[in-house]
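Notes follow once the structure below has been shown.
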Amino acid sequence: MNIAELFVQCLENEGVTRIFGVPGEENEDLLFALEDSDKIEFIPTRHEQGAAFIANMTGRLTGKAGVCLATLGPGATNLITGIADANLDKAPLVAITGQGDLTRLHHESHQLLDIVNMFDPITKWNTSIIAKEVVPEVIRKAFKLAEMEKPGATHIELSEDIAKEKVSKKIKPLTKKTFRPPAPEQASLEQAIQLIAAAKFPIVLAGNGAIRNRVSESLTMLVQKANIPVVSTFMGKGAVSDQLPQSLLAVGLGFKDYVMEAMEKADLVISIGYDIAEYSPDSWNPKNKKKLIHIDFEPAEIYENYLPDIELLGDISLTVKALLQRDTDFVKTNTEWYQPIRKRILKDIKSYTLKAKDKFTVPGTLNLVREILAEDDIVISDVGAHKMWIARNYPTYCSNGCIISNGLASMGISLPGGIAASLIDGNRKVVSMMGDGGFMMNVQELETATRLNLGYTIIIFNDNDYGLISWKQERNANRTAGTKISNPDFVKLGESFGIDSFRPKSPKQLREILQQRIHGDKMTLIEVPIDPSVNQGLIKKLKKYWQDK
């Protein structure tokens, strides 16, 4: 066999079932080997960024590395945004790129770029295969590092001449072995318990690392028994169900929301799976006076406003379970300090319910979607003004029930992300939400979705604007610059791809469309022309609230 065929055997050994990408001349042998595989399907996408985002979302939803593929030069550079997004969002991803013959790498050559060095800052590890004997080791290492906490992106480069080389069939893939870090030592656990017991107003800050299923289960048990309130970052939504009375929903907006009342009052913050990239600690610990317990797989980042008193390092689930076993030492029965805050948050969300003659708004649409979707269905958010509303106003009832990119926070992720979610579990309904700006960044993947005969729902919030930037500019300077855009007829555009597409004219019609289409099996595109005035309306309302306090 040749090295490309060995490469595919190793991918099969890792449990890879799908690879997304754009074919090129330099990965021809690898594509032929994939074609001959009865375990892996290569799915062509319409842009390498789309492939990387699909692989990114696959990794985030499954915990197993999603795989994307591109050729050398422009194919590889087109992967960069999706790879960087996976790395900062802690999503396991393995990228594979082609390269020209090794004989031409020492001089200027057609489409030749040093991709390994280019990818170095945006991956956990990456390399080029230059010897046939190392293929099993390289692939095992790429997947192990991508999936190991904290997860991220890795990259393998395979040049066209190496891919063609013959190799003995005696060379086999390496055995996969899993490793689970231990729980922290008892002395550290005892210190943490004493801190929790001494706190009057403890609060849990659940981050991206807390949405793993095992962590979510043990964390839910802990907060219920100890009555400790929980706020999540955008990427931690669903770690604890927002139906629980201990949930204060999400924190992370660029302005002072109701939930900050609890963060300000808290004298102890127990951060679980929290990444500073999600939400800067100087936003919730500006005076650096709170006691901090850091529970994670890795030590805390050095940050002036995030200097933990105790770091519990190891398997997060085992750590939380160890605390749970000691909960009699620090059970809190006083919920009065945070229950009024929860009621205020939920009342505010409900206030955006659309009435018969109302203009469409993002939060009003979210209330309809939440009403129609089941508890374990999936909402995937793109990046823009709607992301803020989804984080703030969309109650989430399970891990990975609401997916938001907030590390790199790249526009364009939601449409291809819906492809990944639909392929992973056809029983869960998927709604991909995006603004007109984000939609147009990866609109070409509509063809990929329809070719795969997928049936998820796309909601486009259209304000003919880069709305989040306008929102911030208006808040900072009371004017906007460089944000206005125009758009095609989204309904006709969707229909040109063979997608049933709608533009409702009233809240009643929107409700009917959502009820009929979300639970169906056909691809659906819904354009919602929104009134963005609610953005500044929220700022004014919150400003008045804090002034009156």
Practice prompt. Check R60 against each of (1) surrounded by 17 or more Cβ atoms within 10 Å (Cβ to Cβ); (2) over 20 Å from the mean Cα position of the chain (by Cα) and name the one condition it does not meet.
Written response: (2)
Worksheet item: If you go through region 70-78 one residue at a time, do you hit one that is in the same structural domain as E12 (by TED's automatic domain parsing) and touching a His at 6+ places or on another chain (Cβ under 7 Å)?
Response: yes
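Table: residues versus (1) over 16 Å from F461 (Cα atoms); (2) over 24 Å from the mean Cα position of the chain (by Cα); (3) at pLDDT 95 or above; (4) not aliphatic (A, V, I, L, M).
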residue: D315; (1), (2), (3), (4): yes, no, no, yes
residue: V320; (1), (2), (3), (4): yes, no, no, no
residue: K357; (1), (2), (3), (4): yes, yes, no, yes
residue: F360; (1), (2), (3), (4): no, yes, yes, yes
residue: P363; (1), (2), (3), (4): no, no, yes, yes
residue: L368; (1), (2), (3), (4): no, no, yes, no
residue: V379; (1), (2), (3), (4): no, no, yes, no
residue: R392; (1), (2), (3), (4): yes, no, yes, yes
Fill in: Count - residues of region 218-231 that are without any contact (Cβ under 8 Å) to a residue 60 or more places away in the chain and either surrounded by fewer than 21 Cβ atoms within 10 Å (Cβ to Cβ) or not in a helix (DSSP H, G or I) (or both)
4
Item to complete: Within region 515-547, track down each residue that is within 13 Å of I460 (Cα to Cα) and either among the aromatic types (F, W, Y) or not in a loop (DSSP other than H, G, I, E, B) (or both).
Response: T524, L525, I526, E527, V528, P529
Item to complete: Select, from I518, I460, the only residue that is under 20 Å from S414 (Cα atoms) and touching a Ser or Thr at 6+ places or on another chain (Cβ under 8 Å).
Response: I518
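Could you list all residues from region 440-471 that are aromatic (F, W, Y) and more than 26 Å from C398 (Cβ to Cβ)?
Of everything in region 440-471, those that are aromatic (F, W, Y) and more than 26 Å from C398 (Cβ to Cβ) turn out to be Y466, W471.
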Discussion item. Looking at L468 and the list (1) assigned by TED's automatic domain parsing to the domain that holds A420; (2) at pLDDT below 95; (3) over 28 Å from the mean Cα position of the chain (by Cα), which single condition is not satisfied?
Written reply: (3)
Worksheet item: How about region 437-479: which of its residues are free of Cβ contacts under 8 Å to residues at least 12 places away in the same chain and polar (S, T, N, Q)?
Response: N453, Q473, N476, N478
Fill in: Residue identified as at pLDDT 95 or above and among the acidic types (D, E) among D489, D425
D489
Worksheet item: Within the bounds of region 282-296, is there any residue that is among the aliphatic types (A, V, I, L, M), under 24 Å from G407 (Cβ atoms) and modelled with pLDDT under 95?
Response: no
Worksheet item: Pick from region 373-388 the residues that are among the small types (G, A, S) and in a loop (DSSP other than H, G, I, E, B): which of them is surrounded by the most Cβ atoms within 10 Å (Cβ to Cβ)?
Response: G384
Discussion item. Name the residue that is surrounded by the fewest Cβ atoms within 10 Å (Cβ to Cβ), counting only residues in region 431-457 that are touching an Asp or Glu at 6+ places or on another chain (Cβ under 7 Å) and closer than 14 Å to T524 by Cα.
Written reply: G455
Worksheet entry | Matching entry among A210, A239, A199, A163 (being modelled with pLDDT of 90 or more, over 26 Å from the mean Cα position of the chain (by Cα) and surrounded by 24 or more Cβ atoms within 10 Å (Cβ to Cβ)) | A163
Discussion item. If a residue counts only when it is closer than 21 Å to Q194 by Cβ and in contact with a strand residue (DSSP E or B) (Cβ under 8 Å, 6 or more places away or on another chain), which strands (runs of 3 or more DSSP E) contained entirely in region 238-338 have at least 2 such residues?
Written reply: 268-272, 291-296, 310-313
Practice prompt. Would you check if there is a residue in region 325-347 being farther than 23 Å from K508 by Cα and within 21 Å of the chain's Cα centre (by Cα)?
Written response: no
Practice prompt. Write out, first by first residue and then by second, each pair whose Cβ atoms fall under 9 Å of each other, whose residues are 6+ apart or on separate chains, and whose first residue, in region 332-357, is surrounded by fewer than 11 Cβ atoms within 10 Å (Cβ to Cβ) while the second is in a helix (DSSP H, G or I) and of a type in the set (K, R).
Written response: A356/K508
Worksheet entry | Lone qualifier among T154, T178 - being outside any helix (DSSP H, G or I), closer than 16 Å to K64 by Cβ and at pLDDT 95 or above | T154
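The values are calculated or read from the model by the stated rules, or taken from the named source; none is laboratory data. Because the structure is predicted, anything quoted here is derived from the model rather than measured. Ideal geometry is used to build each Cβ from the backbone, glycine not excepted, and the neighbour counts take in all protein chains shown.
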